[in-house]
Amino acid sequence: MNTDSSSATPPVESFEAIIVGGGMVGTALCALLAQAGMQVALVEAQPAPLSLDDAKATLPAPRVSALTPVSQRLLTHVGAWPAMQQTRVTPYRGMQVWDAEGSGEIAFSADEAGVAVLGHIVENAVTLAALNRQIVDHPNVTPFFGVRIKALQRATPGFVGSVTSAPGGDWLVLDDERQLHAPLIIAADGARSALREMAGIEVASDDMQQDAVVTTVRCEHPHGGVARQAFIDGRPLAFLPLTVAGDDRYCSIVWSTTPKHAAELSELSQEALGDALGEALGYRLGQVTACDKAHRFPLVQRHARHYVQPHFALVGDAAHSIHPLAGQGVNLGLMDAAVLAEEVVHAWQRGAPWGELSTLRRYERRRRFDNSAMLGLMKGFKVLFGSHDPGLTLARNLGMSGMNKVVPLKRVLMRQATGERGRLPLSCR
Ligand SMILES: Cc1cc2nc3c(=O)[nH]c(=O)nc-3n(C[C@H](O)[C@H](O)[C@H](O)COP(=O)(O)OP(=O)(O)OC[C@H]3O[C@@H](n4cnc5c(N)ncnc54)[C@H](O)[C@@H]3O)c2cc1C
């Protein structure tokens with residue numbers, strides 16, 4: 001980090017890249033760039049980095065993600081996975097999906113796919129805390145916690161004092177008036193990204209007219225390492241396996257449902273909530289006891305019209321937010337981080353201008369298709385499973401049951417779901 005005290009008060013602090021947003025995606029990207037040798041600033045609104053001690057709650061936190069084996073490889077590459085594993089991760093080797101309005105059912109297994117696991121259910125807090133451990137004391141990282149961004153100032157003619165040999169770049173003004181400069185500024189500040197708005201990048205929004213209701217439950221029967229999802233009148237209800245201190249009867253619930261139903265669920269007592277969830281799952285795991293209240297998240301799919309501008313890039317939910325029914329959101333975001341880091345570090349190592357559009361466009365080209373395809377697929381699922389048309393209902397039930405018998409086709413689907421798509425960045429191979 002360099003300080004240029006001649007041109008402004010307070011002095012401008014200069015970096016090779018600035019990341020705004022220290023969620024899972026921004027922090028993973030920060031680790032990748034810093035470990036490659038770049039000088040990185042991370043700006044995060046939360047007052048302090050979440051630590052593994054904070055994340056080690058007796059009961060699992062309500063927000064979890066199904067991480068694919070490809071994301072696991074990336075988290076291993078940056079050194080976060082061992083600490084996650086020591087804290088709490090739950091592998092799942094099976095997946096069952098069924099239509100509660102018919103007889104359609106499809107089951108996937110790690111054995112059929114020829115892989116060790118289909119994925120892991122991990123609390124977001126555990127992933128973030130383990131990533132934070134890789135960056136907070138890293139000599140190449142300057143963290144700015146407890147601050148928000150106030151302004152993005154574009155084009156900096158005549159700016160001097162950068163540690164970089166690359167000219168150009170932009171400034172960020174923080175809400176405590178500090179100013180940061182870098183040839184590359186990255187927005188990783190989530191679905192309602194303020195930085196994306198400051199950059200004037202438009203988004204296509206699609207209100208899914210559903211809220212996700214999230215809680216943790218304990219079931220009568222063990223989950224058996226199987227992730228279950230029932231489509232109930234177009235409202236996917238997921239029971240995601242969690243093993244807590246050796247007890248494999250916990251599950252994390254994500255029920256994407258109408259806002260009215262979500263409001264009703266969130267007003268239920270814990271006892272009534274558990275009963276409602278057990279009944280909705282058809283008692284496949286027996287009686288259900290809720291360990292927490294219901295938390296609600298409105299679901300809006302968003303896709304930025306552009307991921308990049310000169311000296312500027314979007315990653316993770318700042319670039320795209322997706323319906324959680326296939327558990328892909330953070331997995332797509334981690335792939336953005338891995339691909340952007342690969343392109344930027346490659347340019348930086350060659351002494352090429354890593355913040356220029358030609359470099360950043362390579363990132364956009366590699367990621368936009370995959371993200372668009374997944375967003376389209378989620379929209380298609382919602383329409384298909386939300387339809388009451390008798391013909392479509394019959395077709396989807398026959399389709400699911402028919403597909404269940406075609407192992408090679410299921411193997412292809414499983415490769416997609418586990419993240420093995422397209423040209424993976426080296427950090428994920
Ligand atoms: C109910 C639900 C279930 C889900 N389940 C799954 C799943 O199973 N698998 C999966 O892959 N994905 C899942 N997702 C999606 C996943 O949670 C998101 O894709 C992921 O959290 C996005 O990470 P991110 O780092 O891009 O953004 P965020 O997690 O939103 O992080 C953004 C960060 O930026 C900070 N910030 C915001 N504004 C500013 C500012 N102005 N200045 C400084 N800092 C700022 C915030 O404090 C935050 O730390 C689910 C989502 C929901 C709602």
_Quick query: amide H of Phe312 versus all other amide H atoms, modeled in the peptide plane; which residues come in under 5 Å with a sequence gap of 5 or more or a different chain?_
Ile185
*Let me have the relative contact order for the chain, percent, based on Cα pairs under 8 Å that are six or more residues apart.*
21 percent
*³J(HN,Hα) across the range 64-77 via Karplus (A = 6.51, B = -1.76, C = 1.60, θ = phi - 60°), whole Hz, x for Gly/Pro?*
10, 9, 8, 8, 6, x, 5, 5, 4, 5, 5, 5, 5, 4
*Can you give the helix-only mean residue ellipticity at 222 nm for the chain, where every DSSP H stretch with n ≥ 4 adds -39500 (n - 2.57) and the sum goes over all residues, rounded to the nearest 500 deg cm²/dmol?*
-10500 deg cm²/dmol
*Cα radius of gyration and Dmax for the chain (Å)*: 22.3, 73
*Probe 1.4 Å, all protein chains in place: accessible area of Lys382 in Å², nearest 10?*
60 Å²
*Which value, in debye to the nearest 20, describes the size of the charge dipole of the range 245-381 about its Cα centre when Lys and Arg Cβ atoms bear +1, Asp and Glu Cβ atoms bear -1, and nothing else is charged?*
780 debye
_With θ taken as phi - 60° and the coefficients 6.51, -1.76 and 1.60, list the Karplus ³J(HN,Hα) couplings across the range 326-335 in order, rounded to whole Hz; mark glycine and proline as x._
10, x, 10, x, 6, 5, 5, x, 5, 5
_DSSP bridge orientation in the chain - percent antiparallel, rounded to nearest 5_ = 70 percent
_If each residue of separation counts as 0.36 nm, what is the full-extension length gain between Ser401 and Ala373 once their alpha-carbon separation is subtracted?_
7.7 nm
*asked:* Under a Cβ-only charge scheme (Lys and Arg +1, Asp and Glu -1), can you give me the dipole magnitude of the chain about the Cα centre, in debye to the nearest 20?
replied: 1180 debye
*Hey, can you grab everything whose amide H is under 5 Å from the amide H of Asp233? Only 5+ residues off in sequence or another chain; H modelled, so Pro and N-termini drop out.*
Ala100, Glu101
*Which of the pairs Lys56/Lys382; Lys379/Lys410; Lys56/Lys410; Lys382/Lys410; Lys260/Lys382; Lys56/Lys150 have their Cα atoms more than 28 Å apart in this structure?*
Lys56/Lys382; Lys56/Lys410; Lys56/Lys150
*Amide H to amide H under 5 Å from Val288: which residues, 5+ apart in sequence or cross-chain, H placed 1.01 Å off N in plane?*
Gly278
_Chain lengthening between Asp248 and Ala352 when straightened (0.36 nm per residue, less Cα-Cα)_ = 32.3 nm
*Label point distance in nm, Gln287-Glu177, each placed 7 Å from Cα along Cα→Cβ*: 6.3 nm
*asked:* Just to be sure I understand the model, the point goes 7 Å from the Cα along the line to the Cβ. What's the resulting Thr258 to Val383 distance in nm?
replied: 2.1 nm
_Nearest-20 debye value, the range 171-212 charge dipole, Cβ charges on Lys, Arg, Asp, Glu_ = 220 debye
*Can you give me the relative contact order of the range 289-429 as a percent, contacts being Cα pairs under 8 Å and 6 or more apart?*
22 percent
*asked:* Order 399-405, 105-111, 94-100, 123-129 from most to least packed using the mean count of other Cβ atoms within 10 Å.
replied: 123-129, 94-100, 105-111, 399-405
*Ranked highest first by average number of other Cβ atoms within 10 Å, how do 65-71, 192-198, 28-34 line up?*
28-34, 65-71, 192-198
*asked:* Rounded to the nearest percent, how much of the accessible area of the chain (1.4 Å probe, protein heavy atoms only) is carbon and sulfur?
replied: 54 percent
*Karplus-derived HN-Hα couplings along the range 41-55 (A = 6.51, B = -1.76, C = 1.60, θ = phi - 60°), whole Hz, x at Gly and Pro*: 9, 10, 10, 9, 5, 4, x, 8, x, 5, 9, 5, 5, 4, 7
*Hey, can you find the accessible area per residue of the chain for me, probe 1.4 Å, expressed in square angstrom?*
41 Å²
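The values are calculated or read from the model by the stated rules, or taken from the named source; none is laboratory data. Values in this document were obtained by computation on a predicted structure and should not be read as measured data. Cβ sites come from the backbone with ideal geometry, for glycine too, and all protein chains shown count toward neighbours. These accessible areas exclude ligands, DNA and RNA; they are computed on the full protein's heavy atoms, side chains included. Shrake-Rupley method; radii C 1.70, N 1.55, O 1.52, S 1.80 Å.
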